[in-house]
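Visitor: Take a look at the following structure, please.
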Amino acid sequence: MAKLYFRYGTVGSAKTLNLLAVAHNYRQQGKDVLLIKPDMDSRFGKDRIKSRAGLEMTADILVNAQSKLNFADFEGISCVLVDEVQFLSAPIIDQLREITVSLSVPVICYGLRTDFKAGLFEGSKRLLELADSIEEVKATCNFCNKKSVMNLKHVNGKAIDSGPSVELGAEEKYYSVCFPCYQTEIQKAKSLCAH
């Protein structure tokens, strides 16, 4: 049976760059790969999967919470790669799991584990429950040299801990930080609000 992989990291940890490199390697070997992304992610264009390093490819399938994957689209495919998987619904993750079982096609999912409030995204939660392999894509803290594990939302460089959990953005809106720096920045923001 093929495996379901979850490769997670903080904002700016090169998850999409990793996905595009894997897709390139498969295609260079003459193998067919399907690229999937949530249709709500329109930062670089509706069907574009783009890394901040400049590499990009076109998504083959766009999904939303109600999508039903057509398993016929996956026959003969060597690998399925999913970008921004945190935004997918649990039923979509279940369908991806079934592709690995029924069609023996590996599925590699890339995304964030938690939002800026330290809560699991729906897609990430379901992957943590179902994935055969869970791997961290590592990055360093925006403020120190420790490993980043949190996504810190900011406005004009000042941390905030309120607002919707899903709000598209990159470095202009989120910092990748270690937990001590996350706590420090949130406490600074709260003390500023108290005055």
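Visitor: For segment 112-146, which positions are of a type in the set (Asp, Glu) and in contact with a helix residue (DSSP H, G or I) (Cβ under 9 Å, 6 or more places away or on another chain)? Break it down into steps so the answer makes sense when it comes.
Guide: Our first condition is that a residue be of a type in the set (Asp, Glu); within segment 112-146, this holds for 115, 122, 129, 132, 135-136.
Hits for segment 112-146 are 115, 122, 129, 132.
Visitor: Within segment 17-34, can one find any residue that is assigned by TED's automatic domain parsing to the domain that holds residue 90, at pLDDT below 95 and among the acidic types (Asp, Glu)?
Guide: Looking for residues that are assigned by TED's automatic domain parsing to the domain that holds residue 90, at pLDDT below 95 and among the acidic types (Asp, Glu), one finds none in segment 17-34, hence no.
For every residue, the table says whether it meets (1) hydroxyl-bearing (Ser, Thr, Tyr); (2) under 23 Å from residue 61 (Cβ atoms); (3) modelled with pLDDT of 95 or more.
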position: 77; (1), (2), (3): no, yes, yes
position: 90; (1), (2), (3): no, yes, yes
position: 93; (1), (2), (3): no, yes, yes
position: 108; (1), (2), (3): no, yes, yes
position: 124; (1), (2), (3): yes, yes, yes
position: 152; (1), (2), (3): no, no, no
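Visitor: Turning to a different aspect of this structure: May I ask you to verify whether residue 47 is over 15 Å from residue 109 (Cα atoms) and surrounded by 17 or more Cβ atoms within 10 Å (Cβ to Cβ)?
Guide: Values: over 15 Å from residue 109 (Cα atoms): yes; surrounded by 17 or more Cβ atoms within 10 Å (Cβ to Cβ): no.
Taking the combined requirement at face value, the residue does not satisfy it.
Visitor: When you go through 69, 81 one by one, which is the residue that is in a loop (DSSP other than H, G, I, E, B) and out of contact with any Phe, Trp or Tyr (no Cβ under 7 Å at 6 or more places or on another chain)?
Guide: Testing whether each residue is in a loop (DSSP other than H, G, I, E, B) and out of contact with any Phe, Trp or Tyr (no Cβ under 7 Å at 6 or more places or on another chain) leaves just 69.
The values are calculated or read from the model by the stated rules, or taken from the named source; none is laboratory data. From a predicted model like this one, the values you see are computed outputs, not experimental measurements. Cβ: placed from backbone, ideal geometry, glycine included. Neighbour counts: every protein chain shown.
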